[in-house]
Amino acid sequence: MNVLGVETSCDETAVAIVRDGRSILANMIASQIELHKRFGGVYPELASRQHVLAITPALDQALAAAQFGWDQIDAIAATQGPGLAGSLVVGLNFAKGLALARGLPFIGINHLEGHIYTAWLVRNPEEEAGVPHPEFPALILIVSGGHTELVLMHGHGEYELLGHTLDDAAGEAFDKVARLLGLPYPGGPHVQRVAAAGNPNAFDLPRAMLPGSYDFSFSGLKTAVLRIVEKYTPTASMGAAATRSPTVMRELPVADLAASFQQAVVDVLVAKTRQAAEEFKVRQVLIVGGVAANAPLRQQMAVAIGELGVTFHYPAPVLCTDNAAATAAAAYYHLQRGETSSLGIDVAPSLRLQGAGSR
Ligand code: KG4
Ligand code: ZN
């Protein structure tokens, strides 16, 4: 079954074609980073309008990349939420229109479920045989710009939410700290880049372990970084730091602070994931979402989970950040169960993981 997926939950306009929830036949991603950079974050109205402009070319490119005609597409899927309402509307309605025009089944997909199913994807049909499917029960750490959730997955579509962030998401913390350090948006990759030249032990930053819970909290860490930045640049504030003059910024040990911050985030994510993997005796640990592209997180999680004798897997970096292959992969498993959506569905900007009971 070939599913055409559409994703416009935030600032990537993406269209993909995925076979059987597994093999990526096309994965077009038109990034809006350059457009939003000057605002230091996503400007929602601009994002919606750019989706309108970029979505038809992305569809044409996806069909061309897969060398597909419409007769080879079996279903259409689009991200329904969570995300920015004005952005979601563009992709969801575009996908509904395609389904209506082509007489194909349609399904709205939860973006978090999309992130989860990136762990099932392989880059092309040749890789399919060599990469085993994740096994259940699986523990999934979703770390993106909007979410930080630890999920126990018992089977396809069976989720149990173990914990989530009480304040900032991990990616949001990376983005806010990047701003404080005068680094461009989106902050995560830039923090990782400058941190590579820094000492992760240079600053003693807090790690909110929240004993007895699988919840997360990153706002204390972010504030601790702000206090240090203030010592170097007395007028620093969350918004003002990005426009600090280069002379003043030079005094700030950016690399050491970035490395210490990154290590504090990684320590918390690794410790909690390892603990849950042990408690629930999972067969597999998966990390997904934009922050799962972070190299030190991948390396240190691999060591910690490896020590438990549990299999650990993370998607290729291009599948960690937003993409439509994720949407198409998650859709396949719903469609296999006979589930489709009505063309009357609305976007769901605050959608939570469906069926996710919590402890
Ligand atoms: O999954 P995603 O593309 O969008 C959401 O659904 O939120 O995640 C984007 C987030 C941003 O906060 C970005 O800074 C972060 O992922 N990110 C990273 C890295 N690459 C992207 N954070 C840390 N290290 C990275 N290498
Ligand atoms: Zn995302």
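The values are calculated or read from the model by the stated rules, or taken from the named source; none is laboratory data. Just so you know, these numbers come straight off a predicted model, no measurement behind them. Don't worry about glycine lacking a Cβ; one is built from the backbone with ideal geometry, like all the others, and counts go over all protein chains shown. Heavy atoms of the whole protein, side chains included, go into the accessibility calculation; ligands, DNA and RNA do not. Shrake-Rupley method; radii C 1.70, N 1.55, O 1.52, S 1.80 Å.
Among residues of region 309-328 being more than 12 Å from ligand 1 (Cβ to nearest atom) and surrounded by fewer than 23 Cβ atoms within 10 Å (Cβ to Cβ), the one that is nearest to the chain's Cα centre (by Cα) is Ala316.
Pick from Pro200, Pro132, Pro125, Pro206: which is out of contact with any helix residue (DSSP H, G or I) (no Cβ under 6 Å at 6 or more places or on another chain) and either without any contact (Cβ under 8 Å) to a residue 40 or more places away in the chain or closer than 23 Å to Thr273 by Cβ (or both)? Matching residue, one of Pro200, Pro132, Pro125, Pro206: Pro132. Here Leu152 meets the list (1) surrounded by fewer than 24 Cβ atoms within 10 Å (Cβ to Cβ); (2) out of contact with any His (no Cβ under 8 Å at 6 or more places or on another chain); (3) within 22 Å of Ile287 (Cα to Cα) almost entirely, failing just condition (1). Residues in region 261-303 that are in contact (Cβ under 8 Å) with a residue 60 or more places away in the chain, buried (at least 19 other Cβ atoms within 10 Å of the Cβ), of a type in the set (Gly, Ala, Ser) and within 16 Å of ligand 1 (Cβ to nearest atom): Gly289, Gly290, Ala292, Ala293.
Evaluated against (1) surrounded by fewer than 17 Cβ atoms within 10 Å (Cβ to Cβ); (2) in contact (Cβ under 8 Å) with a residue 12 or more places away in the chain, Gly306 falls short on exactly one condition, (2). Inspection of region 332-340 identifies no residue that is of a type in the set (D, E, K, R), within 16 Å of ligand 1 (Cβ to nearest atom), open to solvent by 30 Å² or more (accessible area, probe 1.4 Å) and within 14 Å of Asn110 (Cβ to Cβ). Restricting Gln61, Gln80 to residues that are within 16 Å of ligand 1 (Cβ to nearest atom) and not small (Gly, Ala, Ser) narrows the list to Gln80.
Screening region 10-128 for helices (runs of 4 or more DSSP H) wholly inside it with 1 or more residues that are at pLDDT 95 or above and among the aromatic types (Phe, Trp, Tyr) returns the ranges 85-102, 111-117.
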